[in-house]
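The values are calculated or read from the model by the stated rules, or taken from the named source; none is laboratory data. Predicted, not measured: the structure shown is a model, and the values here were computed from it. Neighbour counts are summed over all protein chains in view; Cβ atoms, including those assigned to glycine, are modelled from backbone coordinates with ideal geometry.
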Amino acid sequence: MAEKKAEPGTHWNDPKVPGLRLRHLNTKSVYYLYYRTRAGRQRNMKLGDERLFTLTRARDEAKEILARVAKGEDPAATRSELSQRPTMKTLKEWHLERHADAKNKPVWRRDIESMYRMHILPHFGENTAVADVTEADVNALHHKLRKQPHRANRVCAVLSKGFNLAEKWGWRPRRSNPVIIEKYKEKKRNRQPEADEAARLLIALDKARAEEPHFVGLIELLLFTGARLNEVMAAKWEWVKEDGLHLPDSKTGEKVLPLSSLARDVLAEIPQVKGNPYIVVGRRKGKHMVNVTKPWNRLMKSANITERLIRHDLRRFFASAGLSGGGVSLSQVGELLGHMDPRTTKRYASLLTNTAQEAADAAALAVKHIMTGGGKVVAMTMTKDQ
């Protein structure tokens with residue numbers, strides 16, 4: 001008795017491989033695989049004619065395809081579709097142009113660009129589709145940066161924001177952000193100059209003053225104001241007023257940075273360059289200094305400071321000196337440093353009181369006192385060469 005032929009238009013579902021079907025057409029039967037992409041697109045992928053494809057082979061090919069889909073790929077996508085899918089390079093460009101340029105401060109915008117350029121794009125690849133990035137991919141990047149826990153966490157924070165924007169722009173399904181990580185514990189940096197290091201630093205600054213007056217002025221202003229590096233580096237002479245240095249756009253917004261008498265003495269010694277509005281003049285005509293890594297390293301070598309010291313440590317030094325020897329209250333130090341959260345300054349100590357200008361004077365004088373050590377520390381720690 002002849003086997004009954006299946007009716008055209010009907011299909012058979014494989015009970016072992018989800019989505020695998022045998023569709024019966026007028027002249028033949030064809031294996032198809034139905035699946036849904038990570039971006040939510042439904043696919044109906046043709047595998048082959050039943051006369052040439054055994055069920056075993058169809059199952060094997062279907063399993064391989066589904067494994068690729070699980071990794072975020074879309075095997076059924078056409079070449080034109082693939083070329084139109086937003087890539088990680090596009091995500092970087094849109095993140096910067098459509099978000100960071102309008103909503104982030106320039107300093108943070110530069111950091112975002114740097115993290116894409118140095119870490120994100122090299123790891124994922126510029127041409128990888130945004131929709132194809134998986135949680136496993138992100139965790140691999142986080143793990144790669146494990147020796148720099150602070151950096152690893154910040155890179156993933158930028159990436160998380162990028163994928164939130166991608167969802168907003170329709171590049172990924174809603175609530176599909178692949179940045180699901182367990183943040184690394186970040187050790188708080190508590191490095192500040194010892195009294196003898198500070199003395200050597202002051203002497204090294206004096207030695208460098210003739211050749212690098214603007215760089216020396218920058219470091220002294222950081223010491224005697226507690227300001228952030230970019231706040232001083234991009235400051236203009238016209239911002240110096242009677243009540244302090246007027247910063248139109250600092251990390252915490254517009255503010256006036258009180259200037260101690262010591263800070264004003266430093267300003268008086270910095271040479272003004274005709275045609276350049278900036279206090280700390282850079283190499284490019286009419287521009288401010290932008291990179292202090294090399295002069296800073298020279299300064300550390302001259303001061304014989306071998307344990308790693310970064311520019312931001314000078315802010316902590318200013319705060320601690322102000323609290324321990326300047327009679328400055330915790331809230332006033334927070335005001336001087338521009339911290340919005342009092343917990344940020346709490347680690348510096350817990351002492352007492354005065355007005356913003358008096359606080360700036362007291363803290364700056366305390367810095368100078370600790371750095372010079374009344375001359376005794378200097379004499380004890382200087383070498384013959386120094």
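For first residues located in the range 54-73 and surrounded by 12 or more Cβ atoms within 10 Å (Cβ to Cβ), partners that are part of a loop (DSSP other than H, G, I, E, B) and lie 6+ apart or on another chain with Cβ distances below 6 Å form the pairs Arg59/Val17; Ala62/Val17; Ile65/Pro75; Arg68/Pro75; Gly72/Arg38; Gly72/Thr134. For first residues located in the range 258-274 and exposed (fewer than 14 other Cβ atoms within 10 Å of the Cβ), partners that are of a type in the set (S, T, N, Q) and lie 6+ apart or on another chain with Cβ distances below 6 Å do not occur. For the range 1-27, the tally of residues that are of a type in the set (D, E, K, R) and at pLDDT below 90 stands at 4.
Could you tell me whether any residue of the range 45-65 is acidic (Asp, Glu) and in contact with a helix residue (DSSP H, G or I) (Cβ under 7 Å, 6 or more places away or on another chain)? No: zero hits. Filtered by the rule that a residue be more than 12 Å from the chain's Cα centre (by Cα), assigned to a helix (DSSP H, G or I) and surrounded by 15 or more Cβ atoms within 10 Å (Cβ to Cβ), the range 119-137 gives Leu121, His123, Phe124, Val130, Ala131, Asp132, Asp137. Taking Pro213 as the residue in question, decide whether it is outside the structural domain of His119 (by TED's automatic domain parsing), modelled with pLDDT of 90 or more and not acidic (Asp, Glu). Judged against the criteria, Pro213 is a match. Tyr116 passes every criterion in (1) surrounded by fewer than 20 Cβ atoms within 10 Å (Cβ to Cβ); (2) closer than 27 Å to Lys185 by Cα; (3) among the hydroxyl-bearing types (Ser, Thr, Tyr) apart from (1).
Here is a yes/no grid of residues against (1) within 27 Å of Asn276 (Cα to Cα); (2) at pLDDT below 85; (3) crowded, with 17+ Cβ neighbours inside 10 Å; (4) in the same structural domain as Asp111 (by TED's automatic domain parsing):
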position	(1), (2), (3), (4)
Ile180	no, no, no, no
Lys183	no, no, no, no
Asn190	no, yes, no, no
Leu202	no, yes, yes, no
Leu205	yes, yes, yes, no
Leu218	yes, no, yes, no
Arg228	yes, yes, yes, no
Ala235	yes, no, yes, no
Glu242	yes, no, no, no
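Could you list all residues from the range 207-221 that are in contact (Cβ under 8 Å) with a residue 12 or more places away in the chain and farther than 14 Å from Ala303 by Cα? Passing the criteria: Glu212, Pro213, His214, Phe215, Gly217, Leu218, Glu220, Leu221. None of Trp108, Trp94 is among the hydrophobic types (A, V, I, L, M, F, W, C), surrounded by 18 or more Cβ atoms within 10 Å (Cβ to Cβ) and either within 30 Å of Ala234 (Cβ to Cβ) or assigned by TED's automatic domain parsing to the domain that holds Asn230 (or both) except Trp94.
Scanning the range 125-173 for residues that are within 22 Å of Gln84 (Cα to Cα), at pLDDT 95 or above and polar (S, T, N, Q) yields one hit, Asn164.
Checked against the criterion of being of a type in the set (D, E, K, R), surrounded by 15 or more Cβ atoms within 10 Å (Cβ to Cβ) and modelled with pLDDT of 90 or more, the candidates Arg298, Arg311 yield just one match: Arg298.
The criterion of at least 1 residues that are modelled with pLDDT of 90 or more is met, among helices (runs of 4 or more DSSP H) falling completely within the range 32-97, by 55-70, 88-95.
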